[in-house]
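**Q** One structure, as structure tokens, below. Some questions next.
The values are calculated or read from the model by the stated rules, or taken from the named source; none is laboratory data. All of these numbers come straight from a predicted model, not from anything done at the bench. Positions of Cβ are generated from backbone atoms using ideal geometry, with glycine treated the same way; all protein chains shown enter the neighbour counts.
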């Protein structure tokens, strides 16, 4: 559907009696130059199996399929799924799934990841990427969970809400610095490639958007002994980001760590007892995570919770 203009979409939706579903975050990118920019940024080749979440009218899907080895595209809306099936009928390298891409906010759906693994095997592809115009309501969960899954994506290129993009690139000592910032920057080189006005979408969203590009770093992942622990750890620290770090650690690990142990850890890091989590760099938080983990036996560690909302 290379003609994805506002008038074309309005006419197509009217023909089949559809209206965009706000609950599913249906805002279609109608600037064809920006669709092409997303593809260029994703740097696709025949080595790539691409996951797309939010097939929509398949305008981006067809572009991906023309350059990638295989596409696994997921659409939750059964009406759009039927429309996308028509548009993709001539593409043999597309697997189209009609379902939610998430089992819940902490986990991707296993059928989706199974389809990705199968496509990599069948197509002989050795790289996995996400390329998508992500629905705003699932973007955080999709990106955060993909960074703790197998196969591990080598790149994530997506349109997201600008506020979310700014959180992912935010440095310490800023309002947007969060658990998501730390998680993403610990594992990726991340940058905002372009800001997008509401006018490039139909229907127009009430917020600004951005194209975000994450290039994952295997060396950083390999240097992290326990991804689940680190993800839960930073989430715990930023649940109360304005509180003093010492008090947050005491509350989060009150059944595992004594006050003198926490004071010793902070002293070893030369971190003031007046410091807050939002003041520590990604590297400092990684070191703090490992010092705390070393003091808690595996059987005593809190249950893993991955949500970084």
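**Q** If you check residue 76 against the conditions, is it out of contact with any helix residue (DSSP H, G or I) (no Cβ under 7 Å at 6 or more places or on another chain), in contact (Cβ under 8 Å) with a residue 40 or more places away in the chain, buried (at least 19 other Cβ atoms within 10 Å of the Cβ) and closer than 28 Å to residue 208 by Cβ? Walk me through it before giving the result.
**A** Details: out of contact with any helix residue (DSSP H, G or I) (no Cβ under 7 Å at 6 or more places or on another chain): no; in contact (Cβ under 8 Å) with a residue 40 or more places away in the chain: yes; buried (at least 19 other Cβ atoms within 10 Å of the Cβ): yes; closer than 28 Å to residue 208 by Cβ: yes.
So residue 76 does not fit the description; no.
**Q** Please enumerate the residues belonging to segment 100-111 that are touching a helix residue (DSSP H, G or I) at 6+ places or on another chain (Cβ under 7 Å), closer than 17 Å to residue 81 by Cβ and either at pLDDT below 95 or in a loop (DSSP other than H, G, I, E, B) (or both).
**A** 101
**Q** Kindly indicate whether residue 281 is outside the structural domain of residue 174 (by TED's automatic domain parsing), modelled with pLDDT of 95 or more and farther than 16 Å from residue 248 by Cα. Steps first, please.
**A** Numbers: outside the structural domain of residue 174 (by TED's automatic domain parsing): yes; modelled with pLDDT of 95 or more: yes; farther than 16 Å from residue 248 by Cα: yes.
Yes; evaluated as a whole, the condition is true for this residue.
**Q** Within segment 261-281, restricting attention to residues that are surrounded by fewer than 18 Cβ atoms within 10 Å (Cβ to Cβ) and touching a residue at least 60 places away in the same chain (Cβ under 8 Å), which residue is nearest to the chain's Cα centre (by Cα)?
**A** Looking at the filtered set, the residue picked out is 281.
**Q** Could you count how many residues in segment 78-99 are out of contact with any strand residue (DSSP E or B) (no Cβ under 8 Å at 6 or more places or on another chain) and either closer than 20 Å to residue 21 by Cβ or assigned to a strand (DSSP E or B) (or both)?
**A** Summing the residues that are out of contact with any strand residue (DSSP E or B) (no Cβ under 8 Å at 6 or more places or on another chain) and either closer than 20 Å to residue 21 by Cβ or assigned to a strand (DSSP E or B) (or both) in segment 78-99 gives 6.
**Q** So which residues in segment 12-45 are over 26 Å from the mean Cα position of the chain (by Cα), at negative phi and at pLDDT below 75, if there are any at all? Steps first, answer last, please.
**A** Residues of segment 12-45 that are over 26 Å from the mean Cα position of the chain (by Cα), as a first pass: 12-19.
Those left that are additionally at negative phi: 12-16, 18-19.
Once the filter is applied, which keeps residues that are over 26 Å from the mean Cα position of the chain (by Cα), at negative phi and at pLDDT below 75, segment 12-45 yields 12, 14, 15, 16, 18, 19.
**Q** In addition: Testing residue 261 on (1) within 22 Å of residue 144 (Cβ to Cβ); (2) in a helix (DSSP H, G or I), one condition comes back false. Which one is that?
**A** (1)
**Q** So which residues in segment 162-177 are in contact with a helix residue (DSSP H, G or I) (Cβ under 8 Å, 6 or more places away or on another chain), closer than 18 Å to residue 139 by Cβ and surrounded by fewer than 22 Cβ atoms within 10 Å (Cβ to Cβ)?
**A** 164, 167, 169, 170, 176
**Q** Moving on to the next point. Filtering segment 184-199 down to residues that are in contact with a helix residue (DSSP H, G or I) (Cβ under 6 Å, 6 or more places away or on another chain) and in contact (Cβ under 8 Å) with a residue 40 or more places away in the chain, which residue is surrounded by the fewest Cβ atoms within 10 Å (Cβ to Cβ)?
**A** 193
**Q** Then there's this: If I filter segment 117-133 for residues that are assigned to a loop (DSSP other than H, G, I, E, B), more than 23 Å from residue 228 (Cα to Cα) and either assigned by TED's automatic domain parsing to the domain that holds residue 286 or modelled with pLDDT under 95 (or both), do I get at least one hit?
**A** At the first step, the residues of segment 117-133 found to be assigned to a loop (DSSP other than H, G, I, E, B) are 124-126.
Then drop every residue that is not more than 23 Å from residue 228 (Cα to Cα), which leaves 124-126.
Filter once more, keeping what is either assigned by TED's automatic domain parsing to the domain that holds residue 286 or modelled with pLDDT under 95 (or both): none.
Scanning segment 117-133, I find no residue that is assigned to a loop (DSSP other than H, G, I, E, B), more than 23 Å from residue 228 (Cα to Cα) and either assigned by TED's automatic domain parsing to the domain that holds residue 286 or modelled with pLDDT under 95 (or both), so the answer is no.
**Q** Hey, can you tell me all the residues within segment 200-226 that are without any contact (Cβ under 8 Å) to a residue 60 or more places away in the chain and assigned to a loop (DSSP other than H, G, I, E, B)?
**A** Across segment 200-226, the qualifying residues are 206, 208, 217, 223.
**Q** Could you please let me know if residue 143 is at pLDDT 95 or above, surrounded by fewer than 19 Cβ atoms within 10 Å (Cβ to Cβ) and outside the structural domain of residue 284 (by TED's automatic domain parsing)?
**A** On the way: at pLDDT 95 or above: yes; surrounded by fewer than 19 Cβ atoms within 10 Å (Cβ to Cβ): no; outside the structural domain of residue 284 (by TED's automatic domain parsing): yes.
When the stated conditions are applied, residue 143 does not pass them.
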